[in-house]
Amino acid sequence: MVDLFKFLSFMSHSNLYLSFATFLSAFSTSLILSAPLDFKIPFILFCGVFSFYLMNRYWELKEDELTYPERSHFIKNKKKIILALILIFYGCTIFLTYLKSLNAIFSLFFVTFLLIFYTLRIKGKRLKDIFLVKNLIISFAWAFIFTIFFITESLNINKEFLIIFFFLGAFTFINTVIFDMRDIEGDKKNKIQTLPVKLGLEKSRKIIFLINFFLTIVSFLIWMYNFLPYSFIIFFTSIYLYLPIYLSKNERKLNLVADILGDGWIIFYGALGLLLWL
């Protein structure tokens, strides 16, 4: 059991868990968008997310000392390796994206700019310190990453694209609040105005429950009326999210709930698509 916990911690701190989850997500997104799966896309997602999050954790090392000291210690002890991995995997992301299309390159640089810009300090302040701005930017960026590489050639922003973009962004928003619940004490010290800092853990939990309940109802109706191909994937993903929302009541296990079960919605979403592909 101890070895399993160490393995899960390593997968989470190194970002391999989240990167693999994003790799899987391509299978479901391609089905829902009725888009052929170019197998460069899962590898672009894996390499891109791996490099993006290592960058983020490297830049925010001091902040993590307050919000998540265990992860901070992991990164601090491997700084040179982390820098090398960032260069290698971001380089692989650029190369694979270039092979995909010129529009894909522009999309990659846009996401890179967005994720860097929101962490920069301008006159001592960052966008991420403003109430809900961090959550909204991350939600938009993730929805963009999940979907954009399927339409970089056609640029066909149809109703199917907008629906899946909305749901993936909303699922991500819920997940960011679960992470904010875990980081509440460090965010207070860093003066980051998150939902749990403003309203407390219990109210935040009720809010994301209500958001997910709305998503469950809407996705069920979309499925029943066959408004979107394979929309049952979205519905069952919303059902899965009740698990980390409910278990977030156990404040002593919020690290595990956030890192494994919170990000686990992406694994669940992608695994459903993979099963349908097999």
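Descriptive notes on the structure:
- Shape metrics for the range 132-278, restricted to C-alpha atoms - Rg then Dmax, Å: 15.9, 48
- Our summary gives the range 12-277 a relative contact order of 27 percent, counting only alpha carbon pairs under 8 angstrom and 6 or more residues apart.
- Residues in the range 40-53 carry Karplus couplings, in order, of 6, 4, x, 6, 4, 5, 4, 5, x, 5, 4, 6, 4, 6 Hz; the curve used is 6.51 cos²θ - 1.76 cosθ + 1.60 with θ = phi - 60°, and Gly or Pro positions show x.
- Each label point was placed 7 Å from the Cα along the Cα-to-Cβ direction; for GLU202 and ILE105 their separation is 5.6 nm.
- FRET E, pair LYS80, PHE43, Förster distance 35 Å, beta-carbon r, rounded to 0.05: 0.90
- Geometric descriptor of the range 167-216, per residue, is 61 Å³ (volume of the convex hull of the Cα atoms).
- In plain terms, the residue of TRP223, TRP277 with the fewest other Cβ atoms within 10 Å comes first and the most crowded comes last, giving TRP277, TRP223.
- Fewest neighbouring Cβ atoms within 10 Å first, the residues SER248, SER34 line up as SER34, SER248.
- Residue exposure sequence - ILE222, ILE116, ILE266 - by fewest surrounding Cβ within 10 Å: ILE116, ILE222, ILE266
- Computed from the C-beta positions of PHE214 and LEU87, the FRET efficiency with R₀ = 30 Å rounds to 0.10.
- Beyond 31 Å in Cα-Cα separation lie the following of the pairs LYS40/LYS203; LYS134/LYS253; LYS189/LYS249; LYS78/LYS128; LYS79/LYS189; LYS159/LYS203: LYS40/LYS203; LYS159/LYS203.
- Spherically averaged projected area in nm², based on the convex hull that wraps the Cα atoms of the range 12-277: 13.4 nm²
Where a number appears in this text, it was derived from the coordinates with a stated rule and is not lab data. On a predicted model such as this, the values are computed, not experimentally measured, just so you know. We place every Cβ from the backbone using ideal geometry, glycine too, and count neighbours over all the protein chains shown.
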